[in-house]
Amino acid sequence: MLTRRRSQFLERIREIYQETGEPVHYITVAKALRVSKWTAYDVLLELEKEGFLERQYVVNSNEKTPGRSMIMFVPTPLAESHATFALDWQEARSRLLETLSNLLPREAGRVARELLDEMPGKAHPVITSAYTLTILLVYLKSLGEKALQLVRSALKKAPRPEAGLLLATGTGWGLAANMLPQGNLAGQLAAYLSRLQEQIENLTGGEHKLLLDFLHEALERAS
């Protein structure tokens with residue numbers, strides 16, 4: 001997952017490329033974002049290393065330096081995929097946080113089923129992980145503030161974001177499993193929690209942080 005700064009540069013170069021249909025020079029990006037040309041160049045090189053941009057050499061048509069090539073950049077399919085994820089993530093994040101804010105404890109079962117029904121249509125592991133965490137918090141909220149506080153305490157003990165996510169998930173499931181009636185709903189949630197733990201191990205550091213930030217806010221909304 002890209003940092004906010006790199007995402008800003010990537011989105012701007014995508015916009016310029018879509019407008020012109022031509023490879024983009026780093027000075028053009030620098031002017032658009034009002035940063036130095038060397039700052040822009042360094043960030044675009046980082047994006048290139050991560051597979052979001054592709055370098056192209058274009059012959060300079062300037063008469064003072066005929067035949068000299070310039071380094072230009074074009075977005076790759078991965079850049080388009082990132083842009084799509086960013087929109088999907090904002091939509092899912094808003095939906096899930098609003099659900100927790102408005103949740104009444106007696107509605108836990110109904111809300112959990114609605115969220116479970118939505119999950120098959122979500123492809124990105126960060127989004128499905130956020131849905132799973134939200135369903136878990138839906139049940140914990142019905143147990144009361146003490147259950148939510150235990151999850152917060154587990155997060156504080158973790159030395160790294162991925163460890164925090166795993167500890168919070170294990171603690172939450174240990175509390176929620178005792179209140180769930182045996183049946184299809186409990187089985188579905190258990191399966192998704194098992195998948196969540198596998199996904200956490202395969203996510204990038206940026207994705208871990210994105211999910212951890214979401215979990216912290218979700219716990220606040222659930223209180």
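So, of the residues in the stretch 120-150 that are touching a residue at least 12 places away in the same chain (Cβ under 8 Å) and farther than 23 Å from ARG110 by Cα, which turns out to be most open to solvent (accessible area, probe 1.4 Å)?
Ranking the candidates gives LEU150 first.
Out of the stretch 29-60, which residues are under 15 Å from GLU80 (Cα atoms) and either in a helix (DSSP H, G or I) or hydrophobic (A, V, I, L, M, F, W, C) (or both)?
Hits for the stretch 29-60 are LEU47, GLU48, PHE52, LEU53.
Any chance the stretch 61-69 includes a residue that's touching a helix residue (DSSP H, G or I) at 6+ places or on another chain (Cβ under 7 Å), of a type outside the set (Val, Ile, Thr) and assigned to a loop (DSSP other than H, G, I, E, B)?
Among the residues of the stretch 61-69, not one is touching a helix residue (DSSP H, G or I) at 6+ places or on another chain (Cβ under 7 Å), of a type outside the set (Val, Ile, Thr) and assigned to a loop (DSSP other than H, G, I, E, B), which makes the answer no.
I'm checking my understanding of the structure. Among residues of the stretch 1-16 that are open to solvent by less than 60 Å² (accessible area, probe 1.4 Å) and among the β-branched types (Val, Ile, Thr), which one is nearest to ASP42 (Cα to Cα)?
ILE13
Output the number of the condition that SER94 fails; it satisfies all remaining conditions of (1) hydroxyl-bearing (Ser, Thr, Tyr); (2) closer than 25 Å to THR128 by Cβ; (3) not in a helix (DSSP H, G or I).
Failed condition: (3).
Under 6 Å between Cβ atoms, at least 6 apart or on separate chains: pull out the pairs that start in the stretch 208-223 with a residue that is without any contact (Cβ under 8 Å) to a residue 12 or more places away in the chain and end on any residue that is open to solvent by 60 Å² or more (accessible area, probe 1.4 Å) and in a helix (DSSP H, G or I).
Here the result reads none, with nothing in the stretch 208-223 linked to a residue that is open to solvent by 60 Å² or more (accessible area, probe 1.4 Å) and in a helix (DSSP H, G or I).
Identify all residues within the stretch 176-193 that are aliphatic (A, V, I, L, M), farther than 13 Å from ALA112 by Cα and either modelled with pLDDT under 80 or surrounded by fewer than 11 Cβ atoms within 10 Å (Cβ to Cβ) (or both); write none if there are none.
Across the stretch 176-193, the qualifying residues are ALA177, MET179.
Select from the stretch 17-28 the residues that are assigned to a helix (DSSP H, G or I) and free of Cβ contacts under 8 Å to residues at least 12 places away in the same chain and write down the one among them that is most open to solvent (accessible area, probe 1.4 Å).
GLU19
In the stretch 51-106, which residue that is modelled with pLDDT under 90 and small (Gly, Ala, Ser) is most open to solvent (accessible area, probe 1.4 Å)?
Checking each candidate, the answer is SER61.
Considering each of GLU207, GLU162 in turn, give the residue that is modelled with pLDDT under 85 and acidic (Asp, Glu).
Criteria check complete, one pass: GLU207.
The values are calculated or read from the model by the stated rules, or taken from the named source; none is laboratory data. Predicted model only: the values in this text are computed from it and were never measured. Note that each Cβ is placed from the backbone with ideal geometry, even for glycine, and that neighbours are counted across all protein chains shown. Remember, those area values only see protein heavy atoms, side chains included, never the ligands or the DNA or RNA. Shrake-Rupley method; radii C 1.70, N 1.55, O 1.52, S 1.80 Å.
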